[in-house]
Every structure is written in structure tokens, then in C-alpha cells.
Amino acid sequence: MKRLIRNDAILIAVIAVVTVVFALVYFGMQKDGGNAHVIKNGKEIAVYSLNENMTVPITDENNTNVLVIENGKAYISYADCPDKICVNHRPVSKTGETIVCLPAKLVVEIGE
């Protein structure tokens with residue numbers, strides 16, 4: 001019985017070390033993005049530099065979203081969708097990060 005407890009502790013320690021190493025490698029490899037790519041209905045409709053502060057309304061016949069770019073980060077400040085998940089998402093700035101508004105079929109993806 002004691003051997004099982006010791007082996008469990010060793011397994012937990014190994015998993016913890018692997019998890020920490022993976023997190024350090026993953027987050028250390030992310031680069032600051034240069035552009036926010038706006039994709040609506042699966043098609044890229046605009047690309048905005050993260051180096052310029054701006055507020056951009058994104059509208060169609062059914063939905064309205066407001067993209068804000070400030071201090072090298074992008075976020076959605078307003079959406080008329082019912083769940084507001086995109087509005088509550090933290091600002092994005094690293095390559096590969098995204099903000100998605102499913103009701104509006106809108107994706108904001110950070111690229112180089």
C-alpha cells in the first residue's frame with residue numbers, strides 16, 4: 001500500500017513538471033501580433049494595424065459590433081448579440097489569438 005502512495009506521488013510530480021514546462025514553452029513562443037484580421041462569414045473583410053489606435057464599427061443587415069484597437073491590443077467594445085461573449089473576452093495582442101462572435105459570424109484574429 002505504501003508503494004502505491006509513493007508511486008502516485010511520483011506520477012503527480014512528473015505530470016506537474018511536464019505541465020509547467022509545456023506552459024512555459026507555449027507562452028514563451030507567442031509573438032506580439034502586428035495586425036487584426038477581421039473575418040465575417042468566413043471571408044476576410046479588413047486588416048487593421050495594432051500600432052494605430054482606432055474604433056471600427058462592423059455592421060451588416062443583422063448585426064453590429066464595434067472593434068477597438070488601443071495600445072497594441074484589440075477588443076470588442078459593443079455587440080448587439082444576446083450573449084455578449086465577445087464583449088466580455090479579454091483584449092488580444094499575440095499572434096494566433098482570436099475573438100469570436102458566433103451570432104454575428106465574426107472573427108477577429110491576430111496575425112503578424
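What follows is calculated from the coordinates using simple rules that are stated; it is not laboratory data. Every value quoted in this text rests on a predicted model; they were computed, and no experiment measured them. Don't worry about glycine lacking a Cβ; one is built from the backbone with ideal geometry, like all the others, and counts go over all protein chains shown.
Does segment 39-83 classify as rounded, prolate or oblate by the C-alpha gyration tensor (a ≥ b ≥ c root eigenvalues; a/c under 1.5 gives rounded; else a/b over b/c gives prolate, otherwise oblate)? All intermediate terms of the calculation are to be shown ahead of the outcome.
On the way: a/c = 2.43, a/b = 1.45, b/c = 1.68.
Oblate is the answer for segment 39-83, as a/c is 1.5 or above yet b/c matches or exceeds a/b.
Over segment 1-56, what is the mean sequence separation of C-alpha contacts under 8 Å (at least six apart), divided by residue count, expressed as relative contact order in percent? Please report the intermediate quantities before stating the final value.
Values: 23 pairs, mean separation 11.2, N = 56.
In percent, rounded to a whole number, it is 20.
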Once R0 is set to 25 Å, what does the formula 1/(1 + (r/R0)^6) return for the Cβ-Cβ distance between ASN41 and SER77, expressed as a FRET efficiency to the nearest 0.05? 0.70
If a paramagnetic tag sat 7 Å from the Cα of LYS31 along the Cα-Cβ line, which residues of segment 89-108 would have the backbone N under 13 Å from that point? 94-96
Which one, ALA104, TYR26, THR55, is farthest towards the positive end of the dipole of the chain when Lys and Arg carry +1 and Asp and Glu -1 on their Cβ? TYR26
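Work the Kirkwood hydrodynamic radius out for the chain: mean of 1/r over every pair of different alpha-carbon atoms, inverted, in Å. Don't skip to the answer; put the middle values down first.
Details: mean 1/r = 0.0621 Å⁻¹.
One over the average 1/r among Cα pairs gives 16.1 Å for the chain.
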Helix-only estimate, please: 222 nm mean residue ellipticity of the chain, summing -39500 (n - 2.57) across DSSP H runs of length 4 or more and dividing by its residues, to the nearest 500. -9500 deg cm²/dmol
How far is helix 2-29 tilted, in degrees, relative to the longest principal axis of the Cα atoms in the chain, given as a value from 0 to 90 rounded to the nearest 10? 30
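Compute, for the chain, the length of the dipole vector about the Cα centre, with Cβ point charges of +1 (Lys, Arg) and -1 (Asp, Glu) only. Units Debye, rounded to 20.
Working: 11 positive and 12 negative charges, 159 e Å.
Result for the chain is approximately 760 debye, rounded to the nearest 20.
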Could you tell me the relative contact order of segment 26-112? Use alpha-carbon pairs under 8 Å, at least six residues apart, and round to a whole percent. 31
Across the chain, qualifying lysine pairs (alpha carbons under 20 Å, at least 8 places apart or different chains) come out at 9
